[in-house]
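This report concerns only the one structure given below.
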Amino acid sequence: MKHTEGSWEREGRSIVVEGRGIICTCPLPLNRGVFDVEENLNLIAAAPELLDALKNYRIADHRSCVIGDDLDHRCTTCKIADAALAKAEGRQ
Ligand SMILES: [Zn+2]
């Protein structure tokens, strides 16, 4: 599974990738959306960078925390990171 390549940018209430199209559009509260539209758009726009940062952290900084080890030698931070990565990659 791979998300849409390119820089995810805010354009009004949408997240777009130039040359690719619209990733998503957040509805306003009056259209069954929520009041946190700006914050949600900022978070979604940053998602690819956050994913890369988390992968780098997990691989580079905590490679000694073994994934799938029967004894589970992962630190608590790596367990949280692995759960987030599984969610982002549709593995949960
Ligand atoms: Zn760790």
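For residues that are part of a loop (DSSP other than H, G, I, E, B) and within 11 Å of the ligand (Cβ to nearest atom), tally how many sit in the range 61-71.
So the count comes out to 6.
When the residues of the range 56-72 are filtered to those that are more than 13 Å from Leu85 (Cβ to Cβ) and among the charged types (D, E, K, R), which remaining residue is modelled with the lowest pLDDT?
Ranking the qualifying residues of the range 56-72, first place goes to Asp69.
If I filter the range 13-30 for residues that are over 20 Å from Gly90 (Cα atoms) and assigned to a helix (DSSP H, G or I), do I get at least one hit?
Yes, the conditions are met somewhere in the range 13-30.
Take the residues of the range 3-60 that are among the charged types (D, E, K, R) and within 16 Å of the ligand (Cβ to nearest atom): which is surrounded by the most Cβ atoms within 10 Å (Cβ to Cβ)?
My answer is Arg58.
Can you confirm whether the range 71-89 contains a residue that is over 27 Å from Gly12 (Cβ atoms), surrounded by fewer than 10 Cβ atoms within 10 Å (Cβ to Cβ) and over 20 Å from the mean Cα position of the chain (by Cα)?
yes
Residues being in contact (Cβ under 8 Å) with a residue 12 or more places away in the chain, of a type in the set (D, E, K, R) and on the phi > 0 side of the Ramachandran plot: count how many of those fall in the range 1-47.
0
Contact list please: Cβ distance under 6 Å, first residue in the range 48-76 and β-branched (Val, Ile, Thr), second residue at pLDDT below 85 and within 11 Å of the ligand (Cβ to nearest atom), pairs at least six apart or on different chains.
Here the result reads Val66/His73, each pair linking the range 48-76 to a residue that is at pLDDT below 85 and within 11 Å of the ligand (Cβ to nearest atom).
The values are calculated or read from the model by the stated rules, or taken from the named source; none is laboratory data. What you see is a predicted model, and the numbers here were worked out from it, not measured in a lab. Using ideal geometry, Cβ is built from the backbone for each residue, glycine included, and neighbour counts are taken over all protein chains shown.
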